[in-house]
Amino acid sequence: MAQWRGVTRSAMVLAAVLAVTALTAPSPAAAWGYGVNRVQTGAEDSWAQTGMGPGWVLLSYKANGPMVGYLFARDFAFADGVVKSSFDHMDIRDTGDASAGNTEGITHWPWGYAGGSFDGCAYAYGTRKFAIERTGFMSSSCAGGPTVVGSSNADGSPDQLRWWHSEQVFCTANGVDPLCSPYGVWSENKGGGLKSTTARTTCGAYGNIGAAAAYGSGPAVAVHPLGTAPAGAQIDIRYVTRDRQWIMAKWHGNRFAAGIAWAFLPRSCVW
């Protein structure tokens with residue numbers, strides 16, 4: 001009888017442990033959907049590729065385009081040790097459905113109002129990192145959809161998807177600042193590739209400066225520190241903001257927090 005009591009107690013303890021584990025383990029996130037979506041945490045989806053990683057997703061003004069900001073999930077750890085305490089959200093109103101030159105299998109490019117510290121209209125890099133929270137929308141912004149006719153893809157074929165903004169929102173004053181692209185962005189079919197320079201001092205890298213600053217119409221508020229690039233590092237630039245205070249660039253051959261490549265760096269930290 002004592003043996004059976006021991007077995008019974010063991011079974012009860014095991015059941016209690018399993019119950020607690022079930023309560024504390026992260027539950028699978030719902031799939032994305034049209035409406036208010038949050039970013040999935042790294043624990044929910046650790047998949048990483050261009051434009052997405054554990055706890056983050058890249059935002060752009062067009063499908064498969066250059067970065068203008070990021071959305072982050074709760075629990076994301078920034079380079080200064082701060083851990084995000086809440087989720088960023090996006091109104092997914094529709095998707096641009098095309099490969100858009102992407103080589104990693106993204107064919108659905110959700111668009112709408114992106115909240116967090118971005119606070120503006122954008123496309124996001126795919127639907128995988130999103131989980132729907134509710135139908136309806138958190139903002140009336142961006143409801144009309146992107147309206148700018150695209151130019152061309154890297155292979156010269158016409159871009160069939162609409163953009164939120166023309167690339168003229170970025171700095172094009174190449175005669176004033178040689179790091180500014182006369183096309184607005186540096187790319188293979190616009191200037192022959194990225195514009196490379198060298199860090200003259202240590203460069204702090206940030207995930208967001210805000211939609212208004214990225215799109216050229218407002219002051220920057222640099223938040224979400226992602227790390228630093230040392231003096232002497234090769235910095236590859238995609239664009240310079242219109243006020244010429246920030247570059248959107250990467251540290252050649254290196255990554256910042258959580259595998260992020262592209263970040264905003266002060267223009268003053270590079271030659």
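The values are calculated or read from the model by the stated rules, or taken from the named source; none is laboratory data. Since the structure is predicted, the reported quantities are computational estimates derived from the model, not experimental observations. Because the Cβ atoms are built from the backbone with ideal geometry, glycine has one as well, and the counts that use them run over all protein chains shown. Side chains included, ligands, DNA and RNA excluded: accessible areas come from the protein's heavy atoms. Shrake-Rupley method; radii C 1.70, N 1.55, O 1.52, S 1.80 Å.
For this structure, a couple of remarks:
- Scanning the stretch 222-229 for residues that are at pLDDT 95 or above, under 16 Å from G65 (Cβ atoms) and either open to solvent by 60 Å² or more (accessible area, probe 1.4 Å) or assigned to a loop (DSSP other than H, G, I, E, B) (or both) turns up nothing.
- Total residues in the stretch 152-189 satisfying the condition of being within 18 Å of V68 (Cα to Cα) and not acidic (D, E): the figure is 19.
- Pairs with Cβ under 6 Å, 6+ apart, first in the stretch 200-226 and of a type in the set (V, I, T), second open to solvent by 30 Å² or more (accessible area, probe 1.4 Å) and not in a helix (DSSP H, G or I): T201/A231; T202/T228; T202/P230; T202/A231; I209/A220; I209/A222; I209/W246; V223/S117
- Selection of the stretch 61-86 for residues being open to solvent by less than 40 Å² (accessible area, probe 1.4 Å) and either free of Cβ contacts under 8 Å to residues at least 60 places away in the same chain or within 12 Å of the chain's Cα centre (by Cα) (or both) yields Y61, G65, P66, M67, V68, G69, Y70, L71, F72, A73, K84.
- Every condition in (1) under 30 Å from C142 (Cα atoms); (2) more than 19 Å from the chain's Cα centre (by Cα); (3) open to solvent by less than 50 Å² (accessible area, probe 1.4 Å) is met by S217 except one, and the failing one is (3).
- Among residues of the stretch 37-54 that are at negative phi, those with a Cβ under 7 angstrom from a residue that is among the hydroxyl-bearing types (S, T, Y) and at pLDDT 95 or above, sequence gap 6+ or separate chain, pair up as M52/Y125; P54/S46.
- Contact map, the stretch 166-195: residues that are under 15 Å from M248 (Cβ atoms) paired with residues that are basic (K, R) and open to solvent by less than 60 Å² (accessible area, probe 1.4 Å), Cβ distance under 6 Å, separation 6+ or inter-chain. Pairs shown: Y183/K190; V185/R238; W186/R238.
- Scanning the stretch 162-205 for residues that are open to solvent by 50 Å² or more (accessible area, probe 1.4 Å) and basic (K, R) turns up R162, K195, R200.
- Qualifying residue in the stretch 150-161 (condition: among the acidic types (D, E), out of contact with any helix residue (DSSP H, G or I) (no Cβ under 6 Å at 6 or more places or on another chain) and surrounded by fewer than 18 Cβ atoms within 10 Å (Cβ to Cβ)): yes
- Test: residue in the stretch 242-259 that is open to solvent by 30 Å² or more (accessible area, probe 1.4 Å), at pLDDT 95 or above, assigned to a loop (DSSP other than H, G, I, E, B) and hydrophobic (A, V, I, L, M, F, W, C): no
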